[in-house]
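Peer 1: Please read through the structure below; I'll follow up with questions.
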Amino acid sequence: MNALALPLAGMLLAMLGELWVLQRKQRLASDAPVQTDPWLEAIANLNSGHLVLWFFRGIEVAGYAWIWQHAQPHALDGWPRWVVALGAFIAWDFGFYWLHRLHHRLGVLWAIHAVHHQGEHFNLSLGIRNSWLSSLSSLPFFVPLALVGVPVELFVAVSSIHYTVQFYNHSGLVGHAGWLERVMVTPSHHRIHHGANPEYVDKNFGGTLLLWDRLFGSFQRPVPGVAIRYGIHHWRASYNPLWLNLLPALQWLGWPAPSPGLPTTLSRQQRRQVISGAVLLFSNVVYAVHRQGQWPDGQQPLLWGLLALQTLALGAWADGRRWAVVVVSGLGLTLPLLFGAVFGLRDPLGLLPMLAMAAHGAWVLATAWRRVPASRSPA
């Protein structure tokens, strides 16, 4: 079993559980006007934060490994393992602070990072929402670790720990984190970073340790009487991960770009179908990760490709594109037929989520053109 499968499943459950609790506590609504439905935005966050992004994360790790192997560094030879690990942990966080700060300062890097700030609702799902190219733009800031000799497996472990902390830092449930507020970045600090208010813009860049914001003058506390407004000014929202990633780059280049906007006629039933479809899709992603490296005869890239197409189709459907309904249902029905009947998959852990996605596809087809009351409010 791939070691990432269980953490991914836990991430999905934590995200969905927090959204459910926030809805029960009536804390999903924003004090400021927003364009997006919190649940559909969470699904867009999820769709933007896996599959294609992981592909580029693999390139980042491969690039780091290539530099480490060809540099043949010996600076850390003979050092105690725990000292190297602690130093790598601190150095990675220092590098992340500067990559994050420069992603806000330089236009070309902001065109990548803007995806993360488009979200108008602060919850765990926002911690998943990242640009597909974020890993490629991050690698240069971590090259020094490879050059001094931090092993690849330690680089992956340290970065994974930091990304887990950053996932927590987007929690909408955690208020004040007690003594942790004095030493590390917490949700209360990171909310300010996501603020579009003039008082909060370009503050609190840290990932894990609070030290760097205090040391380099970018730390900001809440301003009394100034409620945080999330999102980006002049952003016409979309739920499609393709547009989320593509439009900021087109805008930076000065090219004319379509402005998709959001539908006003997405029905309650369609909204539930998009949300449940994304959850089922990610269940299949978890199984694909579980079987990583064990798929024969090119089945692995085929499965990843079909799942990636499904994320785009779900996003297009959430944006009101009717053609996407056919794609969503068609891909859902294809998976068990292709992998069960053609490729002979018999593992219940794999067949069950695929069959569930097929049942979802049949439900979508059966109800696709039935007239139901339109709604933009949470179910």
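Peer 1: So, by mean Cβ neighbours within 10 angstrom, what's the order for 77-85, 278-286 with the highest one leading? Show your work: numbers first, answer last.
Peer 2: Values: 77-85: 10.3, 278-286: 22.6.
So the order, starting with the most tightly packed, is 278-286, 77-85.
Peer 1: Cβ neighbours within 10 Å, averaged per peptide: list 52-63, 86-97 in order, most packed at the top.
Peer 2: Result, highest mean Cβ count within 10 Å first: 86-97, 52-63.
Peer 1: Pop out the Kirkwood hydrodynamic radius of the range 301-357 from its pairwise C-alpha distances, inverse of mean 1/r, in Å to one decimal.
Peer 2: Across the range 301-357, the inverse of the average 1/r is 11.8 Å.
Peer 1: Do you know the relative contact order of the chain, to the nearest whole percent, from alpha carbon pairs under 8 angstrom that are 6+ apart?
Peer 2: 20 percent
Peer 1: Residue 230's amide H: which non-local residues (gap 5+, or another chain) put their own amide H closer than 5 Å, with H modeled 1.01 Å from N in plane and none for Pro or chain starts?
Peer 2: Hits under the 5 Å cutoff: 196.
Peer 1: Right, something else. When the convex hull of the Cα atoms of the range 105-221 is projected onto a plane and the area is averaged over all directions, what value comes out in nm²?
Peer 2: Average of the hull's projected areas for the range 105-221 equals 8.0 nm².
Peer 1: Taking 0.36 nm per residue of separation and subtracting the Cα-Cα distance, what length does fully extending residue 367 through residue 253 add?
Peer 2: Length gained, residue 367 through residue 253: 36.9 nm.
Peer 1: Here's another thing I want to ask about it. Once you place label points 7 Å from the Cα toward the Cβ at residue 268 and residue 163, how far apart are they in nm?
Peer 2: That separation, rounded to one decimal, is 3.8 nm.
Peer 1: For the peptides 236-249, 149-162, what is the packing order when you average, over each peptide's residues, the other Cβ atoms within 10 Å and list the highest mean first?
Peer 2: In descending order of packing, they fall as 236-249, 149-162.
Peer 1: Just to confirm my numbers, what's the Cα centroid distance between the range 56-70 and the range 210-238 in Å?
Peer 2: 32 Å
Peer 1: Could you state the accessible area per residue of the chain in Å², with a 1.4 Å probe and every protein chain left in place?
Peer 2: Working: 17360 Å² over 379 residues.
With the other protein chains kept in place, the chain gives 46 Å² per residue.
Peer 1: While we're here: 5 Å is the cut-off here: which amide hydrogens, built 1.01 Å from N in the peptide plane, fall below it relative to residue 184, excluding neighbours closer than 5 in sequence?
Peer 2: The list, which skips near neighbours in sequence, is 210.
Peer 1: Compute and list, largest first, the equivalent-ellipsoid semi-axes of the chain from the alpha carbon gyration tensor, each √(5λ) rounded to a whole angstrom.
Peer 2: They are 34, 28, 18 Å, listed largest first.
Peer 1: When Rg is the radius of gyration of the Cα atoms in the range 1-96 and Rh is its Kirkwood radius, what does Rg/Rh come to?
Peer 2: 1.13
Peer 1: Most mobile of 72, 273, 23 per a Gaussian network model of the chain (Cα springs, under 10 Å)?
Peer 2: 72
Peer 1: In the chain, carbon and sulfur make up what percent of the accessible area (probe 1.4 Å)?
Peer 2: That share works out to 67 percent.
The values are calculated or read from the model by the stated rules, or taken from the named source; none is laboratory data. Everything numeric in this text was worked out from a predicted model, so none of it was measured. Virtual Cβ from ideal backbone geometry, glycine too; neighbours counted across all protein chains shown. The area values use the complete protein model at the heavy-atom level, side chains included, leaving out ligands, DNA and RNA. Shrake-Rupley method; radii C 1.70, N 1.55, O 1.52, S 1.80 Å.
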